[in-house]
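Chemist: Sharing a structure with you now.
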Amino acid sequence: MSKIFLGYTSLSGRNEIVAKHLASYLEEKGVEVVLDQLVDADAFDLPEYDAVIIETYTYNDGEIPEEAQDFFEDLQDVDLAKTKFAVLGVSSKSHIHFGRAVDYFTMEMNSSNGDQVADSVKINEYPDDDDYARVHQLADYVLKSLN
Ligand SMILES: Cc1cc2nc3c(=O)[nH]c(=O)nc-3n(C[C@H](O)[C@H](O)[C@H](O)COP(=O)(O)O)c2cc1C
């Protein structure tokens, strides 16, 4: 059975809700999902997984949340050559640099030789049906990459 790591950050809970929804969607399709907050996760464990999904909010004018900084910095020293990945995040268009943390993770995981299998998804504040359709599409691309 394929094993997917789904790591997220969430302060007010929107990303946590989407992450849990995404985990259930993937599990229903028959894969094992390890769901964890990035603050508790070790980037050096990522090569053990068949695929990695990172979900994060953006904070303080386009920054990666502080609790994800260590994980992000460690990513630079991890070889993701055999790792499929995708990135998404709920943030807010009312701030400048909408969803910039999603861009930072996407760039960093590509720099670490990861194999990006879906376009990154940015969601504005309250996920609606169209947003969930994009989340499912991202999940479907990840699943397809495992076959
Ligand atoms: C102080 C503060 C700064 C923020 N800065 C940004 C930002 O620079 N860019 C952005 O897209 N969203 C920004 N946001 C919006 C959050 O990313 C958004 O509220 C998101 O839903 C938080 O995720 P969560 O609900 O999972 O905690 C900011 C929010 C706060 C409270």
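Chemist: Give me a count of the residues in the range 49-63 that are open to solvent by less than 10 Å² (accessible area, probe 1.4 Å) and not charged (D, E, K, R).
Modeler: Adding up the residues that qualify gives 6.
Chemist: Scan the range 75-100 for residues that are free of Cβ contacts under 8 Å to residues at least 60 places away in the same chain, open to solvent by less than 30 Å² (accessible area, probe 1.4 Å) and in contact with a helix residue (DSSP H, G or I) (Cβ under 9 Å, 6 or more places away or on another chain) and jot them down.
Modeler: L75, V78, L80, T83, F85, A86, V87, S91, listed by residue number.
Chemist: Identify all residues within the range 87-114 that are touching a Phe, Trp or Tyr at 6+ places or on another chain (Cβ under 7 Å) and under 18 Å from S145 (Cα atoms); write none if there are none.
Modeler: V87, M109, G114
Chemist: Could you list all residues from the range 62-110 that are among the aromatic types (F, W, Y) and part of a helix (DSSP H, G or I)?
Modeler: F71, F72, Y104, F105
Chemist: Look at V117 and say whether it is surrounded by 14 or more Cβ atoms within 10 Å (Cβ to Cβ), within 11 Å of the chain's Cα centre (by Cα), at pLDDT 95 or above and closer than 26 Å to D42 by Cα.
Modeler: No.
Chemist: Right, something else. Consider the range 54-68. How many of its residues are over 13 Å from the mean Cα position of the chain (by Cα), touching a residue at least 24 places away in the same chain (Cβ under 8 Å) and more than 9 Å from the ligand (Cβ to nearest atom)?
Modeler: Residues in the range 54-68 being over 13 Å from the mean Cα position of the chain (by Cα), touching a residue at least 24 places away in the same chain (Cβ under 8 Å) and more than 9 Å from the ligand (Cβ to nearest atom): 1 in total.
Chemist: Restricting attention to the range 120-142, which residues are crowded, with 19+ Cβ neighbours inside 10 Å and in a helix (DSSP H, G or I)?
Modeler: V135, L138, A139, V142
Chemist: Looking only at the range 21-40, which residues are closer than 22 Å to D103 by Cβ and either in contact (Cβ under 8 Å) with a residue 40 or more places away in the chain or open to solvent by less than 20 Å² (accessible area, probe 1.4 Å) (or both)?
Modeler: L22, L38
The values are calculated or read from the model by the stated rules, or taken from the named source; none is laboratory data. These numbers were taken from a predicted model, which means no experiment stands behind them. Glycine gets a Cβ as well: all are built from the backbone with ideal geometry, and neighbour counts include every protein chain shown. Accessible surface is based on the protein model in full, side chains and every heavy atom, while ligands, DNA and RNA are left aside. Shrake-Rupley method; radii C 1.70, N 1.55, O 1.52, S 1.80 Å.
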